[in-house]
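Data first, discussion second: the structure below is written as structure tokens.
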Amino acid sequence: MSELAERFGTPLYVYDLDAVARQRDALFSALPEGFELFYAVKANPHPDIGRVLSAGGCRAEISSTGELQAAIAGGFSPAECLYTGPGKTDAELEAALAAGVRMFSAESLDDLRHIGAAARRHGTVARCLLRVNTASAAASTGIRMMGRPSQFGIDSETLPDLMPALASVPGTRLVGAHFFTMSNAESEDALLAEYLHVVTTAAELGMPLEFLDIGGGFAAPYATGGEPARYEKLRTELEAMLDLHLPGWRAGSPRLACESGRYLVASCGRLLARVVNVKRSRGRTFVILDAGINVLGGLSGLGRLLPVAVRLDGEGATEVATLVGPLCTPGDTLGRDVQVPHLEPGDLVTVPNVGAYGPTASLLSFLGRPAPVEVAVRQGEIQSVTRLEYRRVEVA
Ligand SMILES: *Cc1c(COP(=O)(O)O)cnc(C)c1O
């Protein structure tokens with residue numbers, strides 16, 4: 001790692017593609033035979049990561065033209081992509097259909113009508129899943145998106161009344177349902193409770209189910225130590241609940257899928273940063289790094305601040321410090337009251353488990369620093385060294 005940091009500078013993301021392959025295989029084997037797995041490209045659109053997942057049989061879940069391009073660069077065929085999101089514009093739908101995307105998740109009747117109109121302009125019929133916002137929630141874990149008002153999905157209690165209209169939108173064919181009720185479940189039991197809720201809800205929807213996407217929730221640490229969760233019971237318990245509620249599933253009716261971002265890629269990535277300054281102020285120690293929320297934003301800026309438990313690899317913890325980046329805003333705080341080894345300017349620190357929600361979830365262009373270099377490594381060999389670039393272009 002210190003060689004890579006010397007060679008390519010810091011802040012530097014290093015992705016171990018073998019770890020991506022391991023997580024992909026681990027998740028497929030934790031799921032019942034025949035399950036499809038959508039990779040949520042938003043977790044990390046890096047093409048080398050995409051290629052490991054597409055080559056291993058994953059499909060892509062995308063929700064913008066940029067993600068479509070990232071999916072294609074990552075070896076996913078557009079025909080295998082699932083296009084989701086509450087704000088699909090006509091231009092985005094056009095681009096997706098022109099590229100060959102045929103499967104969409106519809107978040108409302110209007111969204112479905114937009115999809116249908118765009119598909120008709122392309123002389124085709126879009127296969128659509130209805131994203132369902134369940135009326136109640138099974139578990140109170142992770143980031144909840146269902147069981148309450150939401151911009152995501154169609155409220156399940158309105159489905160019976162809406163179904164005739166939903167089922168007759170020109171340019172679309174309803175093929176099933178899409179749930180995504182939870183991220184980063186706190187335990188395997190919480191995940192199973194949620195899936196039971198999803199599967200029973202799906203079985204009672206009263207719509208033809210050729211395809212059922214039960215969502216995600218697979219857990220992995222973010223910017224702190226530890227390993228992705230292990231799912232020992234998932235396969236057998238999911239099989240049992242499917243046998244009970246959707247008995248045709250073993251014969252492919254419905255076909256089943258789930259989704260993951262962080263579980264597949266979080267553990268592959270680490271961020272290398274250097275200490276620029278160590279400063280004491282009124283009894284507090286501030287360790288100022290060359291990486292802030294501009295390179296590790298963690299979806300910051302919108303109320304959800306930062307991973308508060310950024311840990312640095314190194315010897316035993318010897319002091320408590322606030323880790324900050326170089327930006328001119330007090331919001332540029334990576335961690336408060338973090339145990340750190342004694343650090344001096346020039347020291348190299350490592351933030352583990354940032355293969356998901358790294359550069360592209362960061363305030364990349366805020367304060368004008370370049371995006372971090374990203375190095376992909378496979379079997380000890382450097383596969384690519386790249387950097388995202390933002391520049392102003394004339395549009396008119
Ligand atoms: C973000 C997202 C995911 C991925 O979530 P993770 O917690 O990273 O697994 C999957 N599906 C949908 C619809 C999403 O919006």
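The values are calculated or read from the model by the stated rules, or taken from the named source; none is laboratory data. Source: prediction; values computed, not measured. Neighbour counts are summed over all protein chains in view; Cβ atoms, including those assigned to glycine, are modelled from backbone coordinates with ideal geometry.
Could you tell me whether any residue of region 131-148 is at pLDDT 95 or above and more than 16 Å from the ligand (Cβ to nearest atom)?
No, because not a single residue in region 131-148 is at pLDDT 95 or above and more than 16 Å from the ligand (Cβ to nearest atom).
Do we have any residue at all in region 186-200 that's closer than 20 Å to Ala240 by Cβ and in contact with a Phe, Trp or Tyr (Cβ under 7 Å, 6 or more places away or on another chain)?
Step one: filter region 186-200 for residues closer than 20 Å to Ala240 by Cβ, giving 187-200.
When the remaining residues are screened for being in contact with a Phe, Trp or Tyr (Cβ under 7 Å, 6 or more places away or on another chain), the result is 188, 198.
Yes - at least one qualifying residue is present in region 186-200.
Every residue in region 235-263 that is within 16 Å of the ligand (Cβ to nearest atom) and closer than 21 Å to Ala177 by Cα, please. Steps first, please.
Of the residues in region 235-263, the ones within 16 Å of the ligand (Cβ to nearest atom) are 256-263.
If the condition is that a residue be within 16 Å of the ligand (Cβ to nearest atom) and closer than 21 Å to Ala177 by Cα, then Leu256, Ala257, Cys258, Glu259, Ser260, Gly261 are the ones that fit.
Can you run down the residue pairs with Cβ atoms below 7 Å, 6 or more apart or on separate chains, where the first is in region 50-77 and more than 20 Å from Leu256 (Cβ to Cβ) and the partner is among the hydroxyl-bearing types (Ser, Thr, Tyr) and assigned to a loop (DSSP other than H, G, I, E, B)?
Ser63/Thr84
Restricting the first residue to region 80-95 and requiring it to be assigned by TED's automatic domain parsing to the domain that holds Glu61 and under 19 Å from Gly153 (Cα atoms), which pairs with a second residue that is more than 16 Å from the ligand (Cβ to nearest atom) and not β-branched (Val, Ile, Thr) meet a Cβ separation below 6 Å and a spacing of at least six or different chains?
Taking only residues 6 or more apart or on different chains, the pairs are Leu93/Ala118.
When region 180-198 is examined, which residues are found to be assigned to a loop (DSSP other than H, G, I, E, B) and within 15 Å of Gly261 (Cα to Cα)?
Of all residues in region 180-198, those assigned to a loop (DSSP other than H, G, I, E, B) come to 180-181, 184-187.
Passing the criteria: Phe180, Thr181, Asn184, Ala185.
Kindly provide the set of residues from region 1-47 that are part of a helix (DSSP H, G or I), within 15 Å of the chain's Cα centre (by Cα) and of a type in the set (S, T, N, Q), ordered by number.
Gln23
Could you say which residue among Gly57, Gly50, Gly87 is part of a loop (DSSP other than H, G, I, E, B) and more than 13 Å from the ligand (Cβ to nearest atom)? Talk me through it step by step, then tell me what you get.
On the way: Gly50 fails: part of a loop (DSSP other than H, G, I, E, B); Gly87 fails: more than 13 Å from the ligand (Cβ to nearest atom).
Exactly one of Gly57, Gly50, Gly87 is part of a loop (DSSP other than H, G, I, E, B) and more than 13 Å from the ligand (Cβ to nearest atom), namely Gly57.
Could you tell me which numbered condition Ala19 fails, if it satisfies all but one of (1) free of Cβ contacts under 8 Å to residues at least 24 places away in the same chain; (2) in contact with a Ser or Thr (Cβ under 6 Å, 6 or more places away or on another chain)?
Among (1) free of Cβ contacts under 8 Å to residues at least 24 places away in the same chain; (2) in contact with a Ser or Thr (Cβ under 6 Å, 6 or more places away or on another chain), the lone unmet condition for Ala19 is (1).
How many of the residues in region 228-242 are assigned to a helix (DSSP H, G or I) and in contact (Cβ under 8 Å) with a residue 12 or more places away in the chain? Working first, answer last.
Within region 228-242, the subset assigned to a helix (DSSP H, G or I) is 234-242.
Still in the list and also in contact (Cβ under 8 Å) with a residue 12 or more places away in the chain: 234-235, 237-239, 241-242.
Number satisfying all stated conditions: 7.
Given the condition under 20 Å from the mean Cα position of the chain (by Cα) and at negative phi, answer yes or no: does some residue in region 106-115 qualify? Step through it out loud before you land on a result.
At the first step, the residues of region 106-115 found to be under 20 Å from the mean Cα position of the chain (by Cα) are 106-107.
Filter once more, keeping what is at negative phi: 106-107.
Scanning region 106-115 turns up at least one residue that is under 20 Å from the mean Cα position of the chain (by Cα) and at negative phi.
What about Leu191, is it free of Cβ contacts under 8 Å to residues at least 60 places away in the same chain and buried (at least 24 other Cβ atoms within 10 Å of the Cβ)? Outline the logic, then answer.
Values: free of Cβ contacts under 8 Å to residues at least 60 places away in the same chain: yes; buried (at least 24 other Cβ atoms within 10 Å of the Cβ): yes.
In short, yes.
Could you grab me the full set of residues in region 345-360 that are under 17 Å from His46 (Cβ atoms) and surrounded by fewer than 20 Cβ atoms within 10 Å (Cβ to Cβ)?
Matches in region 345-360: Thr360 only.
Looking only at region 189-215, filter to residues that are more than 15 Å from the ligand (Cβ to nearest atom) and charged (D, E, K, R); which one of those is nearest to Ala106 (Cα to Cα)?
Glu210
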